[in-house]
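The values are calculated or read from the model by the stated rules, or taken from the named source; none is laboratory data. Every value quoted in this text rests on a predicted model; they were computed, and no experiment measured them. Virtual Cβ from ideal backbone geometry, glycine too; neighbours counted across all protein chains shown. Only protein heavy atoms, including side chains, enter the accessible area calculation; ligands, DNA and RNA are left aside. Shrake-Rupley method; radii C 1.70, N 1.55, O 1.52, S 1.80 Å.
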Amino acid sequence: MPDKTVTAKPILLIQLNDLYHIDTRADYTDQDTLVLPRIATLAKRLRDFYGKDLTRFCVPGDFLAPSCLSKEFKGEQMVQVMNLMGVDLVSFGNHEFEAGFSQADLEARMNESSFEWLNANFAFHDEEFEQRMVDAGKMPPVHVIRTSATHAVAIVGVLAAETPEHLGRVTDQDEAIKGIS
């Protein structure tokens with residue numbers, strides 16, 4: 001009898017949450033202990049070891065604000081650093097929609113980024129803007145990683161209902177996820 005076992009390759013997800021400061025240090029008395037370069041080096045080594053095709057570096061929201069630098073530069077410094085670190089996927093968090101951030105600011109950060117902005121349940125008031133980002137491949141609802149011919153892992157970006165609504169509105173999380181096929 002033939003073996004019908006399917007062997008799927010393992011995936012590796014590297015994740016940082018609530019990434020607000022580019023100058024975070026392991027020891028604030030030592031100038032040489034910046035944390036983000038260490039994380040970037042670790043991510044590169046893990047990709048080299050496990051393979052780039054099955055490794056993803058993710059930041060699930062809350063990176064454009066609320067730091068003092070982000071108030072001044074509208075998150076531009078965060079996108080630059082995350083690009084250099086090799087971030088692959090982000091999702092929106094409530095801080096990406098703070099009152100000080102306009103749609104133009106958000107569009108500029110999205111265009112500057114080399115990563116995908118996963119969005120399954122936020123509908124922008126400006127539907128043309130939303131369609132531009134989707135068409136440009138900047139804002140898919142889901143990112144799929146194929147681990148074999150018959151297996152895949154889907155990474156979805158969803159927002160909590162308490163997200164500020166000056167740029168759009170949050171739709172039902174469960175319905176958004178059910179709608180992804």
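At a glance:
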item	result
Candidates R109, R45 - the one that is open to solvent by less than 20 Å² (accessible area, probe 1.4 Å) and of a type in the set (K, R)	R109
Pairs, first in contact (Cβ under 8 Å) with a residue 12 or more places away in the chain and of a type in the set (K, R) in segment 122-146, second surrounded by 15 or more Cβ atoms within 10 Å (Cβ to Cβ) and not in a loop (DSSP other than H, G, I, E, B), C-beta under 6 Å, six or more apart	K138/M110; K138/W117
Any hit, segment 73-94, residues being in a helix (DSSP H, G or I), under 26 Å from K9 (Cβ atoms), touching a strand residue (DSSP E or B) at 6+ places or on another chain (Cβ under 9 Å) and at pLDDT below 95	no
Single unsatisfied condition, L167 versus (1) modelled with pLDDT under 95; (2) open to solvent by 30 Å² or more (accessible area, probe 1.4 Å)	(2)
Residue in segment 67-87 that is closer than 20 Å to R169 by Cβ, open to solvent by 50 Å² or more (accessible area, probe 1.4 Å) and of a type outside the set (S, T, Y) present	no
Criterion: closer than 19 Å to D88 by Cα and modelled with pLDDT of 90 or more - qualifying residue of I39, I22	I39
Residue, surrounded by the fewest Cβ atoms within 10 Å (Cβ to Cβ), within segment 5-42, restricted to residues that are among the polar types (S, T, N, Q) and farther than 30 Å from R146 by Cβ	T29
Qualifying residue in segment 46-58 (condition: assigned to a helix (DSSP H, G or I), touching a residue at least 40 places away in the same chain (Cβ under 8 Å) and under 11 Å from the mean Cα position of the chain (by Cα))	no
Pair list, Cβ < 8 Å and 6+ apart or interchain, from segment 21-32 residues that are in a loop (DSSP other than H, G, I, E, B) to residues that are of a type in the set (S, T, N, Q)	H21/S67; I22/Q77; A26/T33; D27/T33
Scan of segment 116-139 for residues that are closer than 21 Å to G86 by Cβ and in contact with a helix residue (DSSP H, G or I) (Cβ under 7 Å, 6 or more places away or on another chain), ordered by number	W117, K138, M139
Candidates A123, A104, filtered to the one that is of a type in the set (A, V, I, L, M) and assigned to a helix (DSSP H, G or I)	A104
Selected residue (only one of S70, S114 is closer than 26 Å to A40 by Cα, among the hydroxyl-bearing types (S, T, Y) and part of a helix (DSSP H, G or I))	S70
Filtered residue count, segment 137-160, keeping only those that are of a type in the set (A, V, I, L, M), modelled with pLDDT under 95 and not in a strand (DSSP E or B)	4
Residue selected from segment 48-66 under the condition under 17 Å from I11 (Cβ atoms) and among the aromatic types (F, W, Y), by the criterion least open to solvent (accessible area, probe 1.4 Å)	F57
